[in-house]
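The values are calculated or read from the model by the stated rules, or taken from the named source; none is laboratory data. Predicted model, so just to flag it, every value in this text is computed and none were measured. Ideal geometry is used to build each Cβ from the backbone, glycine not excepted, and the neighbour counts take in all protein chains shown. Quick note on the areas: whole protein, heavy atoms, side chains included, nothing else; ligands and nucleic acids left out. Shrake-Rupley method; radii C 1.70, N 1.55, O 1.52, S 1.80 Å.
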Amino acid sequence: MEDTDPKRHRIFTYGTLKRGLPNHSLMQELIHQNHAIFLGSYSTHFSFPLLLGPSAIPYLINLPGSGHPVRGELYAMSDCGLALIDELEETRVGYYDRLPVQLVGGGNGSDTVVIGAECYFAGKGNWEGLWSGEDRETLEEYTELEAMQYAGKVQRSKPFPFGLDSKI
């Protein structure tokens, strides 16, 4: 049977796309246009290093077992919504890679659920200089505190692709 659910992609956000953070306006626009739905707060089932890179850009490193379980938000998205987020995260050029991740959520202890989703891990060339093991503090969550240092579209030397700057 063909999957006809228009919001079949589950995307875990851990950085600037979260509610109250600099790029959430894009997510709000996707929700407004019925291309995304907020599903709730979740954490990664396994630990991963979450680091701040240049301009306070958050990078989740695909090294399970290092770092901490990372807190974030889960959204269901349409193909169109996913394409816009892929453009923001520059997946075509390998800035971030959208990969499977296991999440834990819904929980007050005994009823915690583990589900599969996808999230944007830093592309290999973007994190190699940031992480060399346990020599650096990692985050459990990217918050307003880290986002205060985030360099938005005006401060960055490289604009976002195909007009996304006007949406964020």
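Annotations for the structure displayed:
- When region 119-157 is filtered for residues that are in contact with a Pro (Cβ under 8 Å, 6 or more places away or on another chain), open to solvent by 50 Å² or more (accessible area, probe 1.4 Å) and at pLDDT 90 or above, only Glu140 remains.
- Which listed residue is within 12 Å of Thr138 (Cβ to Cβ), more than 12 Å from the chain's Cα centre (by Cα) and surrounded by fewer than 17 Cβ atoms within 10 Å (Cβ to Cβ), from Ser25, Ser66: Ser66
- Residue count, region 36-60 (criterion: among the small types (Gly, Ala, Ser) and part of a helix (DSSP H, G or I)): 2
- Filter result (open to solvent by 40 Å² or more (accessible area, probe 1.4 Å), under 17 Å from Val114 (Cα atoms) and either in contact with a strand residue (DSSP E or B) (Cβ under 6 Å, 6 or more places away or on another chain) or among the polar types (S, T, N, Q) (or both)) within region 43-63: His45
- Restricting the first member to region 43-58 and to residues that are of a type in the set (Gly, Ala, Ser), and the second to residues that are in a strand (DSSP E or B), the beta-carbon pairs closer than 8 Å and six or more apart or on different chains are Ser43/Arg71; Ser43/Gly72; Ser43/Leu103; Ser43/Val104; Ser43/Gly105; Ser47/His68; Gly53/Tyr59; Gly53/Ala122.
- Tally, over region 69-109, of residues that are within 18 Å of Ser25 (Cα to Cα) and in a strand (DSSP E or B): 6
- Qualifying residue in region 17-35 (condition: assigned to a strand (DSSP E or B) and out of contact with any Leu (no Cβ under 6 Å at 6 or more places or on another chain)): no
- Cβ-Cβ under 9 Å pairs, at least 6 apart or on other chains, region 76-95 side more than 23 Å from Ile61 (Cβ to Cβ), far side open to solvent by 30 Å² or more (accessible area, probe 1.4 Å) and among the aromatic types (Phe, Trp, Tyr): Ala76/Phe38
- Taking (1) at pLDDT 95 or above; (2) out of contact with any helix residue (DSSP H, G or I) (no Cβ under 7 Å at 6 or more places or on another chain); (3) in a strand (DSSP E or B) in turn, Ile11 satisfies each apart from (2).
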